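A.B. asks: Please see the structure below; I have some questions.
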Amino acid sequence: DRVIDAAAREHGVNRHLIRAIIEAESEFDPLAVSSRGACGLMQLMPGTMRRFGVADCFDVRENVAGGTRLLKLLLTRYEGSIALAVAAYNAGEGAVARHRGVPPYRETRAYVRRIEAILGAAREGRSVKTPDRT
């Protein structure tokens with residue numbers, strides 16, 4: 001929580017959004033690795049790591065800082081739209097641009113719904129455990 005709170009303050013991103021991304025991406029497993037090569041809590045791809053200067057994706061502070069910097073960039077790009085920002089986090093900025101909105105990919109749409117559900121639960125002070133891992 002301290003790492004998330006520090007990244008939220010430093011980059012001006014809602015802590016609940018950062019936590020939601022981490023829950024959806026890695027279920028809080030700092031050693032998670034996807035079949036596509038994304039790694040760590042926020043499941044950073046190698047290109048994202050280079051883009052945001054993350055040397056070790058398994059270093060919790062570096063991973064959360066890099067993922068939060070990406071979230072901030074996406075929130076700014078999409079004028080605060082959480083749906084578009086998290087769709088771009090999942091499917092890439094190019095996919096959101098090509099489709100002029102949330103791409104029609106089943107995985108991405110489910111991901112956006114999952115993040116929104118986690119955020120809604122956080123606002124209500126409850127936890128959401130969703131069975132599908134994205």
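Bear in mind these aren't lab numbers, they're just calculated from the coordinates by the rules spelled out. On a predicted model such as this, the values are computed, not experimentally measured, just so you know. No Cβ is skipped: glycine too gets one built from the backbone with ideal geometry, and neighbour counts run over all protein chains shown.
A.B. asks: Give a quick list of chymotrypsin sites (Phe, Trp or Tyr not before Pro) in the stretch 81-118 that DSSP marks as loop, anything other than H, G, I, E or B, with at most 16 other Cβ atoms within 10 Å.
C.D. replies: The qualifying sites are Tyr105.
A.B. asks: Further question: So between Glu124 and Arg15, what do we pick up on full extension, going 0.36 nm a residue minus the alpha carbon distance?
C.D. replies: Length gained between Glu124 and Arg15: 37.8 nm.
A.B. asks: Multiplying the sequence separation of Ala97 and Ser81 by 0.36 nm and subtracting their Cα-Cα distance, what value in nm do you get? Provide the component values of the computation, followed by the final result.
C.D. replies: Values: separation 16, 0.36 × 16 = 5.76 nm, distance 1.38 nm.
Residue separation times 0.36 nm, minus the Cα-Cα distance, leaves 4.4 nm.
A.B. asks: For the stretch 28-134, which trypsin sites (Lys or Arg not before Pro) pass both filters: DSSP loop (anything but H, G, I, E, B) and at most 15 other C-beta atoms within 10 Å?
C.D. replies: Here the trypsin sites (Lys or Arg not before Pro) that fit, given the DSSP loop and packing criteria, are Arg36, Arg100, Arg126, Lys129, Arg133.
A.B. asks: Same structure, new question: What whole number of Å gives the distance from the Cα centroid of the stretch 38-57 to the Cα centroid of the stretch 1-22?
C.D. replies: For the stretch 1-22 versus the stretch 38-57, the Cα centre distance is 16 Å.
A.B. asks: Right, here's the next one. Stokes-Einstein D for the chain at 10 °C, 1.306 mPa s, Kirkwood Rh over Cα pairs, in µm²/s?
C.D. replies: After rounding, the answer is 109 µm²/s.
A.B. asks: In addition: Fully extended, how many nm does the chain gain between Phe58 and Asp5 (0.36 nm per residue separation, minus their Cα-Cα distance)?
C.D. replies: 17.2 nm
A.B. asks: Of the chain, which part is the longest with no GluC sites (Glu not before Pro) in a loop (DSSP not H, G, I, E, B) and with at most 13 other C-beta atoms within 10 angstrom?
C.D. replies: Working: sites that count: Glu27, Glu79, Glu124.
With GluC sites (Glu not before Pro) excluded where exposed in loops, the chain gives 28-78 as its longest stretch.
A.B. asks: For the stretch 14-77, build the convex hull from the C-alpha positions and give me its volume per residue in Å³.
C.D. replies: Taking the convex hull of the Cα positions in the stretch 14-77, it is 76 Å³ per residue.
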